[in-house]
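The values are calculated or read from the model by the stated rules, or taken from the named source; none is laboratory data. What you see is a predicted model, and the numbers here were worked out from it, not measured in a lab. Quick reminder, even Gly has a Cβ in these numbers, built from the backbone with ideal geometry, and neighbours come from all protein chains shown. These accessible areas exclude ligands, DNA and RNA; they are computed on the full protein's heavy atoms, side chains included. Shrake-Rupley method; radii C 1.70, N 1.55, O 1.52, S 1.80 Å.
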Amino acid sequence: MRAVAVHVGLFALLVLASVLARGALRALGLGDWDRLLGIAGSLLILVSFAYSLRKRKIVTRGRPPAYLRLHEILAWTGSVLVLVHGGARFEAALPWVAQTAMLVVVASGLTGKYLLQRAKQDLAGARKEFAAQGLGKEEVESRVLGLALLVQRMTRWRAVHIPLTLLFGVAALAHAMAAMLFWRW
Amino acid sequence: MRRLLLAGSGLLAAIAAASVAFPHAVLSPGDVAEGHAAIEGDCFACHAPFRGPDARCAACHELAGIGSPGRPRFHEALLERACAACHTDHEGRAAPRAVREFRHDLLREDVRGACAGCHLAPADTNHMGLRGECAACHRVEGWKPSTFDHEASFRFDRNHPADCAACHPKGLGEYTCYGCHEHEPAEVARKHRKEGIADFEACAECHRSGEEDEVEGRGEEGDGGRGRRRGRGEGD
């Protein structure tokens with residue numbers, strides 16, 4: 001229950017932080033920073049995909065858990081900046097779709113984080129249980145290896161998370177292209 | 001990975017098609033102003049690709065004609081043509097024309113300093129006789145607060161209090177030291193001629209206060225009557 005509250009809290013904090021930051025920018029007369037924050041946020045999110053490259057072994061240096069942590073932090077921070085950039089405007093469909101998709105992807109990412117955390121707990125619980133049955137270390141590990149729970153959960157989750165991420169990425173790219181086409185750079 | 005790329009490309013193509021078919025619904029950040037309503041569906045009537053709207057405003061809006069009736073027209077005197085720095089659109093039919101306040105630093109320097117080109121001279125007694133010296137007291141950021149360092153011209157004292165009309169009977173643009181018993185024209189002339197000073201009409205140029213010994217010289221001896229002065233604190 002606590003873990004669920006933490007992850008819901010992280011999502012709520014994302015929205016709250018962006019509302020406060022947007023209000024602060026307006027109060028300081030820095031409303032023009034919106035566009036820059038959109039670019040900065042998108043870049044942070046883009047850099048966070050280094051995790052996917054590491055996972056697919058396109059990048060081979062560094063520990064995957066460190067990349068995952070980086071992915072979580074950069075994607076969350078980048079999303080705050082993008083939300084500050086977009087605000088609650090719904091006039092044009094494209095940026096609205098991109099922003100909504102981003103929020104859904106963040107929610108999905110936090111769900112994945114929660115599932116991973118739970119799966120790890122289940123794994124640790126199974127290890128403990130097998131050990132309590134008096135099995136040797138090697139036997140415990142061989143039984144745990146057969147535990148498909150973690151793999152199953154994460155595979156199902158990825159089947160949702162990756163298409164949503166694709167939708168967000170393509171909508172954001174199209175929005176950026178439209179902005180470049182219509183605005184002066 | 002290949003499937004992802006394929007799906008992404010398909011999605012991008014679908015968005016592009018929707019943008020062409022329904023540009024207003026897909027891309028427009030809001031309704032354009034009433035004056036632009038007739039061209040709302042033609043994005044490129046205002047937006048030059050990759051150069052934004054600034055490049056095309058002047059195609060319809062002649063710079064010399066921009067401005068409200070009875071207000072100064074200054075758009076021709078702007079340093080650069082960056083219309084979107086002050087104006088915007090897509091904020092609704094009845095949105096205000098300008099979203100930022102006018103700033104003098106957007107004007108060319110020669111126009112910026114020529115206040116009377118846009119502003120009427122104040123008709124109050126404080127400004128009578130003043131011509132083109134606005135910056136001595138006022139800043140372009142606003143008419144108020146205004147400042148004037150009187151001590152840079154003349155320092156008040158017990159015998160010379162801040163009684164404007166005593167020295168500025170015709171307005172603050174000019175002054176006279178004559179008119180009180182200490183400064184009768186004949187007596188002033190006599191004293192200066194005795195010292196060999198022929199040009200003594202602009203009193204405050206040398207006398208910055210009522211102190212008799214405080215006389216600031218502007219030249220050397222033999223400079224046509226202006227040389228016999230001594231600087232403040234230079235001794236007797």
Worksheet, complete the sentence: Pairs returned, first residue in the stretch A:7-22 that is touching a residue at least 40 places away in the same chain (Cβ under 8 Å) and aromatic (Phe, Trp, Tyr), second residue that is surrounded by 12 or more Cβ atoms within 10 Å (Cβ to Cβ) and assigned to a helix (DSSP H, G or I), beta-carbon separation under 6 angstrom, 6 or more apart or interchain, are A:PHE11/A:ALA107; A:PHE11/A:LEU110
Response to the item:
When B:THR125 is run through (1) β-branched (Val, Ile, Thr); (2) open to solvent by less than 80 Å² (accessible area, probe 1.4 Å); (3) at pLDDT below 85, the failure sits at (2)
Fill in: B:ALA165 vs. criteria under 28 Å from B:GLY35 (Cβ atoms), outside any loop (DSSP other than H, G, I, E, B) and at pLDDT below 85
no
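Here's a check for you: in the stretch B:104-119, which residue that is among the acidic types (Asp, Glu) and open to solvent by 90 Å² or more (accessible area, probe 1.4 Å) is nearest to the other protein chains (Cβ to nearest Cβ)? Reasoning before the result, please.
Residues of the stretch B:104-119 that are among the acidic types (Asp, Glu), as a first pass: B:105, B:109-110.
Imposing the further condition that a residue be open to solvent by 90 Å² or more (accessible area, probe 1.4 Å) reduces the set to B:109-110.
Working: B:GLU109: 25, B:ASP110: 27 Å.
Per the stated criteria, the residue is B:GLU109.
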Worksheet item: Assuming A:ALA171 fulfils every condition listed in (1) free of Cβ contacts under 8 Å to residues at least 60 places away in the same chain; (2) within 14 Å of chain B (Cβ to nearest Cβ) apart from one, which condition is it?
Response: (1)
Practice prompt. Working carefully through the options B:ARG51, B:ARG71, B:ARG81, find the one that is open to solvent by 40 Å² or more (accessible area, probe 1.4 Å) and in contact with a strand residue (DSSP E or B) (Cβ under 9 Å, 6 or more places away or on another chain).
Written response: B:ARG51
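Filter the stretch A:164-185 for residues that are at pLDDT 85 or above and open to solvent by 70 Å² or more (accessible area, probe 1.4 Å) and give the result. Break it down stepwise before answering.
At the first step, the residues of the stretch A:164-185 found to be at pLDDT 85 or above are A:164-182.
Matches in the stretch A:164-185: A:LEU173, A:MET177, A:MET180.
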Worksheet item: When the residues of the stretch B:84-103 are filtered to those that are farther than 28 Å from B:GLY142 by Cβ and among the charged types (D, E, K, R), which remaining residue is most open to solvent (accessible area, probe 1.4 Å)?
Response: B:ARG93
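Test B:ALA94 against the criterion of being within 14 Å of chain A (Cβ to nearest Cβ), closer than 20 Å to B:ASP42 by Cα and not charged (D, E, K, R), and give yes or no. Break it down stepwise before answering.
Details: within 14 Å of chain A (Cβ to nearest Cβ): no; closer than 20 Å to B:ASP42 by Cα: yes; not charged (D, E, K, R): yes.
Considered against the rule, which asks whether it is within 14 Å of chain A (Cβ to nearest Cβ), closer than 20 Å to B:ASP42 by Cα and not charged (D, E, K, R), B:ALA94 comes out as no.
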